[in-house]
Amino acid sequence: MSKRIAIVTRQMIMGGVERALIAMLEGMVACQLDVTLYVQFPGGALMDQVPPQVKVQVLAPVTWRDGLTQPRWGVEKAVAAARLLGGKGPYTQQCRWSASLLRPVEAWYDIAIAYHAPNTVPAYFVAQRMQAGEKVLWLHGDLDTNSGDDPALMACHARYDRIYGVSRQVVDSFVRRHPHLAPRAQVFYNFVDVQGLRRRAEEGPALPPGAHAHTLLTIARLTPQKGLPMAVECCKRLVEQGLDVVWYVCGEGEQRGELERQIAALGLTRRFILLGNVDNPLHYLRQCTLYVQPSYTEGYCTTTNEARLLGCPVVTTQVSGAQEQFVSGETGWIVPIDVDELTRQVAWCLRHPQACQAVRRRLAQLAQQDEQQGMAVLKEWAKDG
């Protein structure tokens, strides 16, 4: 009998966490695991990419009928709703209360996985409202920038049997706050289907035609942590230095209006172009001069990893996972989170195309993403089932 796996995440939006989850789901299906994906919110641009063998369920709210048959659920919901209506409390507490509004999953699973940042609803939900032989916290963000010192969050994390972090920095940040949980924590890099990645890169659309000498690319949600206002400022400075660039951004998000105003104010409407969500932007990585990731925070950036695997030169800020993906100056460039440093490095790369070509050659020669770790764990789960 196949081992039953439940995975809880927020929503299948167009994001790096979700693309990594799709690759892991495909690996689970290949290992013939019985998988159910629970989402906090329905829909999302990547929902149609969930393998058809995976059962998908939307987490349901506690109803008044539930409150009659399960009074504890009703009380928890009432308390949580009152606190949320008060509108106060840090983000992690709001997530804890929001989890209490959702109906517990009564089915039993061999393994239940919370797959998101350490302080979001999935982390609280799996810890408090699911039944499983083993509970796994799959961290896509460090605790330094995700409420790691909150006592309720620390108590939540202690309820997990195993903790996977998507980079060494993510695991280290967890262990600093939970030294007693160190034996449960280990690095587990995001799943990547390398052959599928290359195939999709050949099949994707082409970048819009243009006559610019240099094409820069960023694939990211338009949210504050991705650092896109810094990218716009960097683009302005590159143009002022006489570099003929066009910078494309694939993604959507809450900052679109702010970015559009900044782009217009700096006279960059033909230089910095927001393409919105693109179903398959991987072919763009084959075409661009340079991939740039100006983030303030990451767990283990999926898009820089995809660029690396496709042989595209990358300039990234110093975020979690960057040093595990690149040797700066050899297989890419890592810079401090600063617009001056970002501009300096991007300009240097554009003025030294031979250095970018050398990086392309080194990336092509490197052993590709090691998928053995992830598949070994999935095969172990399948074997034990």
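The values are calculated or read from the model by the stated rules, or taken from the named source; none is laboratory data. For clarity, every value in this text was computed on a predicted model and none was experimentally measured. We place every Cβ from the backbone using ideal geometry, glycine too, and count neighbours over all the protein chains shown.
Got a sec? Which strands (runs of 3 or more DSSP E) wholly within the range 114-204 have at least 2 residues that are within 15 Å of the chain's Cα centre (by Cα)?
131-139, 162-165
Output the residues belonging to the range 148-192 that are surrounded by fewer than 18 Cβ atoms within 10 Å (Cβ to Cβ) and of a type in the set (Asp, Glu).
ASP149, ASP161, ASP172
Could you check, for the range 248-256, whether at least one of its residues is over 24 Å from LEU197 (Cβ atoms), part of a helix (DSSP H, G or I) and within 20 Å of the chain's Cα centre (by Cα)?
Within the range 248-256, one or more residues are over 24 Å from LEU197 (Cβ atoms), part of a helix (DSSP H, G or I) and within 20 Å of the chain's Cα centre (by Cα).
Sort out which residues of the range 67-89 are surrounded by 12 or more Cβ atoms within 10 Å (Cβ to Cβ) and either hydroxyl-bearing (Ser, Thr, Tyr) or not in a helix (DSSP H, G or I) (or both), and write them in order of number.
Once the filter is applied, which keeps residues that are surrounded by 12 or more Cβ atoms within 10 Å (Cβ to Cβ) and either hydroxyl-bearing (Ser, Thr, Tyr) or not in a helix (DSSP H, G or I) (or both), the range 67-89 yields GLN70, GLY89.
What pairs can you find where one residue is in the range 74-89 and under 16 Å from ALA152 (Cα atoms) and free of Cβ contacts under 8 Å to residues at least 60 places away in the same chain, the other is of a type outside the set (Lys, Arg) and outside any helix (DSSP H, G or I), and their Cβ atoms are less than 6 Å apart, with a gap of 6+ or different chains?
ALA80/LEU101
Looking at (1) hydroxyl-bearing (Ser, Thr, Tyr); (2) surrounded by fewer than 21 Cβ atoms within 10 Å (Cβ to Cβ); (3) not in a loop (DSSP other than H, G, I, E, B), find the lone condition where SER2 falls short.
Result: SER2 passes all but (3).
What are the pairs with Cβ atoms under 9 angstrom where one residue, in the range 210-231, is assigned to a loop (DSSP other than H, G, I, E, B) and the other, located anywhere, is surrounded by fewer than 24 Cβ atoms within 10 Å (Cβ to Cβ) and of a type in the set (Phe, Trp, Tyr)? Sequence gap at least six, or different chains.
Here the result reads GLY227/TYR296, each pair linking the range 210-231 to a residue that is surrounded by fewer than 24 Cβ atoms within 10 Å (Cβ to Cβ) and of a type in the set (Phe, Trp, Tyr).
Go through the range 90-113 residue by residue and tally those that are assigned to a helix (DSSP H, G or I) and either touching an Asp or Glu at 6+ places or on another chain (Cβ under 8 Å) or among the charged types (D, E, K, R) (or both).
Count: 4.
Between a first residue in the range 286-307 that is more than 14 Å from ALA322 (Cβ to Cβ) and a second residue that is at pLDDT 90 or above and of a type in the set (Val, Ile, Thr), which pairs have beta carbons less than 7 Å apart while being 6 or more apart in sequence or on different chains?
The qualifying pairs are GLN287/THR215; CYS288/THR215; THR289/THR215; LEU290/VAL315; LEU290/VAL346.
Out of all the residues in the range 268-276, is one or more assigned to a loop (DSSP other than H, G, I, E, B) and under 25 Å from ARG362 (Cα atoms)?
No, the range 268-276 contains no residue that is assigned to a loop (DSSP other than H, G, I, E, B) and under 25 Å from ARG362 (Cα atoms).
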